[in-house]
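See below for the structure under consideration.
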Amino acid sequence: MPDKTLFEKIIDREIPADIVYEDAQCIAFRDINPQAPTHVLVVPRKPIPTLDDLTEEDAPLVGHLFLVAQRIAADEGLTGGYRTVFNCKADAQQTVFHIHLHVLGGRSFSWPPG
Ligand code: AMP
């Protein structure tokens, strides 16, 4: 068995996290180093390393992650909008190789991103 990812350890409750939502397909918890008043990571239970590892069979799962992001935004009262981000590999500064959707809100963001 390959080593568990950090996020699998959170899913398995081996590492604590501030979990805000979970279901059969994913878990969502607050980022330990928040970049906005709301910064939640939506993480599939399936440990897919990067967006480049997605296959056609993962399409419903990825759609589900966005619906969970929508729900979290509503729960967090992000009526003015929010940003969702998947970082993919080195140029995007991906640091945890278990895909996760960042949900950021509670402030206004600039574009282009840094
Ligand atoms: P990325 O750079 O897109 O791979 O994002 C990884 C994110 O995971 C970063 O925003 C980190 O702050 C966050 N992170 C790392 N360790 C933890 C942890 N133990 N609990 C919650 N978030 C974490």
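The values are calculated or read from the model by the stated rules, or taken from the named source; none is laboratory data. All values derive from a computational prediction rather than experimental measurement. Please note that ligands, DNA and RNA were not included when accessible areas were found on the heavy atoms of the full protein model with its side chains. Shrake-Rupley method; radii C 1.70, N 1.55, O 1.52, S 1.80 Å.
Specify the residue with the greatest mean-square fluctuation among 102, 64, 39, computed from a Gaussian network of the chain linking alpha-carbon atoms under 10 Å apart.
64
Can you tell me the Rg and the Dmax, both Å, for the Cα atoms in the chain?
Just the Cα atoms of the chain yield Rg and Dmax of 13.8, 44 Å.
Do the sum for the chain: with -39,500 (n - 2.57) for every DSSP H run of n ≥ 4, divided by all residues, what is the mean residue ellipticity at 222 nm, to the nearest 500 deg cm²/dmol? All intermediate terms of the calculation are to be shown ahead of the outcome.
On the way: 2 runs with 23 residues, N = 114.
Only helices count here, giving -6000 deg cm²/dmol.
Which ³J(HN,Hα) values in Hz, rounded to whole numbers, follow from the phi angles of the range 94-102 under the Karplus curve 6.51 cos²θ - 1.76 cosθ + 1.60, where θ = phi - 60° and Gly and Pro get x?
5, 10, 10, 8, 7, 3, 7, 9, 6
Springs between alpha-carbon atoms under 10 Å, Gaussian network over the chain: tell me which of 54, 101, 65 tops the mean-square fluctuations.
Comparing 54, 101, 65 in the GNM, the peak value goes to 54.
Using a 1.4 Å probe on the protein heavy atoms, what percent of the accessible area of the range 4-97 belongs to carbon and sulfur?
52
Whole number in Å², please: accessible area per residue of the chain, 1.4 Å probe, ligands, DNA and RNA not counted.
Working: 6930 Å² over 114 residues.
Result: 61 Å² of accessible area for each residue.
With angles folded into 0 to 90 degrees, how steeply does helix 59-75 sit against the dominant principal axis of the chain? Use alpha carbons for both and round to 10.
Long axis of 59-75 versus the principal axis of the chain: about 40 degrees.
Choose one answer from 57, 22, 76: the residue with the largest mean-square fluctuation in a GNM of the chain with alpha-carbon springs under 10 Å.
Highest fluctuation of the listed residues: 57.
Tell me, what is the percent relative contact order of the chain, built from C-alpha pairs under 8 Å that lie six or more residues apart? Don't skip to the end; give the middle numbers.
Values: 155 pairs, mean separation 33.9, N = 114.
Across the chain, relative contact order equals 30 percent.
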